[in-house]
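Encoded as structure tokens, the structure appears first; notes follow it.
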Amino acid sequence: MEKPRMRKLINILTIIFTIAAIAFLIYGLKTDIFYSEHALVDFVSQFGIWAPLVFIIFQAIQVIIPVIPGGLGLLAGVLLFGTTMGFVYNYVSICLGSIIAFLIAKQYGQSVIKVLFSKKMQEKYSNVTEHKNFTKYFAIAIFLPLAPDDFLCYLAGTTKMKLRHFTIIILLGKPFAIAMYTFGLDFIMRKLSILI
């Protein structure tokens, strides 16, 4: 496919996905699925065999539109699918959402960061992309459970980093952080169930 046609297709798909994501965000705000793990579990459960796909889409959206608490989706994954499959679905969806966020930033640059993130967050990391070891620091941050991953994925998209390098870092760096959250949440839930 020629480059102009490919670019046009990417633009159309980005617009369609953005509209769908905004519509889902509005629906989620009205139904409380972004603030209550019980509401989210009930929402996803109704899709039967399609529940994993719906959950993966939900989790990917919470990376792309970072106004939804990420921990909520991680906890819902454990509640819905158990620890192991919850981890797998969380991993797939968060990696997918991270790659899409990177591609959106590649397409729209700093303007998308200005819309989605606070000025304080932008100022905190304003000079980090100019550092010659940005890719190394990015990889370390993705590996750590407490880094602002959603922001960093968008930020990486504004640099010269190639999609291939970004994808490798995400695929290798995300499992540890997601496992820490997923298995940590499972451990806490087990302890709470004993106490209650």
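Within the stretch 118-144, take every residue that is assigned to a loop (DSSP other than H, G, I, E, B) and over 14 Å from residue 158 (Cα atoms) and give me the one that is most open to solvent (accessible area, probe 1.4 Å). Before you say what the answer is, go through the steps one by one.
Going through the stretch 118-144, the residues assigned to a loop (DSSP other than H, G, I, E, B) turn out to be 118, 125-127, 131-133, 144.
Still in the running and over 14 Å from residue 158 (Cα atoms): 118, 132-133, 144.
Numbers: 118: 66, 132: 183, 133: 48, 144: 86 Å².
Here the answer is 132.
Across the stretch 9-49, which residue is least open to solvent (accessible area, probe 1.4 Å) among those that are more than 22 Å from the chain's Cα centre (by Cα) and at pLDDT 70 or above? Outline the logic, then answer.
In the first step, residues of the stretch 9-49 are kept if they are more than 22 Å from the chain's Cα centre (by Cα); the result is 9, 46, 48-49.
The next check asks that each one be at pLDDT 70 or above; those that pass are 46, 48-49.
On the way: 46: 124, 48: 47, 49: 150 Å².
Residue satisfying both the conditions and the ranking: 48.
Looking at residue 80, is it under 29 Å from residue 42 (Cβ atoms), more than 16 Å from the chain's Cα centre (by Cα) and surrounded by 14 or more Cβ atoms within 10 Å (Cβ to Cβ)? Please lay out each step first, then the result.
On the way: under 29 Å from residue 42 (Cβ atoms): yes; more than 16 Å from the chain's Cα centre (by Cα): yes; surrounded by 14 or more Cβ atoms within 10 Å (Cβ to Cβ): yes.
Yes: the conditions hold for residue 80.
For (1) closer than 21 Å to residue 47 by Cα; (2) at pLDDT 85 or above, each residue gets a yes or a no:
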| site | (1), (2) |
| --- | --- |
| 73 | yes, no |
| 92 | yes, yes |
| 106 | no, yes |
| 131 | no, no |
| 141 | no, yes |
| 148 | no, no |
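May I ask you to list the residues in the stretch 145-160 that are closer than 23 Å to residue 118 by Cβ and in a loop (DSSP other than H, G, I, E, B)?
If we filter the stretch 145-160 for residues that are closer than 23 Å to residue 118 by Cβ, which is where we start, we get 145-159.
145, 146, 147, 148, 158, 159 - these are the residues of the stretch 145-160 that are closer than 23 Å to residue 118 by Cβ and in a loop (DSSP other than H, G, I, E, B).
Which is under 16 Å from the mean Cα position of the chain (by Cα) and open to solvent by 50 Å² or more (accessible area, probe 1.4 Å), of 88, 54, 112?
88
When the stretch 146-166 is examined, which residues are found to be open to solvent by 30 Å² or more (accessible area, probe 1.4 Å) and more than 13 Å from the chain's Cα centre (by Cα)?
Initial filter on the stretch 146-166 (open to solvent by 30 Å² or more (accessible area, probe 1.4 Å)): 146, 148, 150, 158, 160, 162-165.
Those that are open to solvent by 30 Å² or more (accessible area, probe 1.4 Å) and more than 13 Å from the chain's Cα centre (by Cα): 146, 158, 160, 162, 163, 164, 165.
Check the stretch 169-176 and report whether any residue there is at pLDDT below 80, assigned to a helix (DSSP H, G or I) and out of contact with any strand residue (DSSP E or B) (no Cβ under 8 Å at 6 or more places or on another chain). Before you say what the answer is, go through the steps one by one.
First, the residues of the stretch 169-176 that are at pLDDT below 80: none.
No: zero hits.
Got a number for residues in the stretch 90-143 being touching a residue at least 60 places away in the same chain (Cβ under 8 Å) and under 15 Å from residue 165 (Cα atoms)?
If we filter the stretch 90-143 for residues that are touching a residue at least 60 places away in the same chain (Cβ under 8 Å), which is where we start, we get 90-91, 94-95, 98-100, 102-104, 107.
From what's left, under 15 Å from residue 165 (Cα atoms): 95, 98-100, 102-103.
Residues that pass the stated criteria total 6.
So residue 66 ticks every box in (1) in a helix (DSSP H, G or I); (2) under 28 Å from residue 19 (Cα atoms) but one. Which box is left unticked?
Checking residue 66 against (1) in a helix (DSSP H, G or I); (2) under 28 Å from residue 19 (Cα atoms), the one that fails is (1).
The values are calculated or read from the model by the stated rules, or taken from the named source; none is laboratory data. Just so it is clear, the structure is predicted and the values come from calculations on it, not from any experiment. Positions of Cβ are generated from backbone atoms using ideal geometry, with glycine treated the same way; all protein chains shown enter the neighbour counts. Accessible surface is based on the protein model in full, side chains and every heavy atom, while ligands, DNA and RNA are left aside. Shrake-Rupley method; radii C 1.70, N 1.55, O 1.52, S 1.80 Å.
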